[in-house]
Amino acid sequence: MSTIIEALHAINPLYSASGFFVGALVGFTGVGGGSLMTPILMLVFGIAPATAVGTDLLYAAITKTNGTLVHAMNGAVDWKITRRLAYGSIPATIITLLTLSWLGKASNHAASGLITSTLGFALLLTAAAILFRRWLLDHIARHTEKMDDKHIGALTIRLGGFIGVLVSISSVGAGAIGMTVLMALYSHTRTVRLVGSDIAHAVPLTFVAGFGHWMMGGVDWLLLVSLLIGSIPGIAIGSHLAARVPDRYLRPALATMMAVVGAKLSL
């Protein structure tokens, strides 16, 4: 009992408040938590890049497991799309983690620099995917509308590989970027099934990537628990109030903020 009490005292309420804030925004807008949480941990709390990314990956894996179960029970997961994404992302994730491990042993500064730069790049891509989604959908669709299922599958595997590299290094990319391309590749599939498939794919991806970062010493478990304490009610409240939030204003504002933070981290 005393151990539990000591652990509760060690939980940082500021981290929980940040988890609540990010969870509420995810519930409001559907924007991926990694795009918000990792920059906050690094820039506001001064968490080391590797620890911020590793902790956020396991945070995402835990929170998205519940979302996958809900979507699967509602028949809103296309497992063929999920498998195609995983065929590309899991091998890419393993290779990326091995590369990060080698870089970390050679130079912690080099590994941290790669994580920070990639995070900035991923945030810029995410901001572009949010702000210019309609144009991107139309542009990609014009090049893929006449492709057969075999070619669509090959492109999906490549997309999974790209996301695997991006997420393993920065914890960002599986949400807005992946969904934008999926909506263009599978324009005849209902959006809810694409969302469910994307979330289902994010679970093994973030678990594998998070486990790899844990093995490299890049996970702070007390930080993880603190974030979950705030984010779980935050997501629930945000989702409940989503219909009352002026999404057409909030999403562009978030995208602009991500672009500014991404540019700061990239420079």
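The table that follows gives values for the structure above.
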item	result
Test: residue in the range 235-245 that is over 19 Å from residue 25 (Cα atoms), at pLDDT below 80 and not in a helix (DSSP H, G or I)	no
Flag for residue 152 being closer than 24 Å to residue 37 by Cβ and either free of Cβ contacts under 8 Å to residues at least 12 places away in the same chain or outside any loop (DSSP other than H, G, I, E, B) (or both)	no
Test set (1) modelled with pLDDT under 80; (2) within 20 Å of the chain's Cα centre (by Cα); (3) over 16 Å from residue 169 (Cα atoms) - residue 78 fails condition number	(1)
Some residue of the range 164-186 being of a type outside the set (Asp, Glu) and touching a Pro at 6+ places or on another chain (Cβ under 6 Å)	no
Qualifying residue in the range 159-168 (condition: at pLDDT 85 or above, among the polar types (S, T, N, Q) and under 13 Å from the mean Cα position of the chain (by Cα))	yes
Any hit, the range 133-140, residues being buried (at least 19 other Cβ atoms within 10 Å of the Cβ) and not charged (D, E, K, R)	no
Leading residue by the ranking (modelled with the lowest pLDDT) among those in the range 42-55 that are crowded, with 24+ Cβ neighbours inside 10 Å and out of contact with any Leu (no Cβ under 6 Å at 6 or more places or on another chain)	49
Boolean, residue 109 is over 18 Å from the mean Cα position of the chain (by Cα), part of a helix (DSSP H, G or I) and at negative phi	yes
Residue satisfying condition, being within 17 Å of residue 265 (Cα to Cα), touching a residue at least 24 places away in the same chain (Cβ under 8 Å), surrounded by 16 or more Cβ atoms within 10 Å (Cβ to Cβ) and among the polar types (S, T, N, Q), within set 96, 118	118
For residue 32: the one exception among (1) surrounded by fewer than 24 Cβ atoms within 10 Å (Cβ to Cβ); (2) within 21 Å of residue 223 (Cα to Cα); (3) modelled with pLDDT under 85	(1)
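The values are calculated or read from the model by the stated rules, or taken from the named source; none is laboratory data. Remember, predicted model here, so these are calculated numbers, not experimental data. Counting neighbours? That spans all protein chains shown, and the Cβs are built from the backbone with ideal geometry, glycine included.
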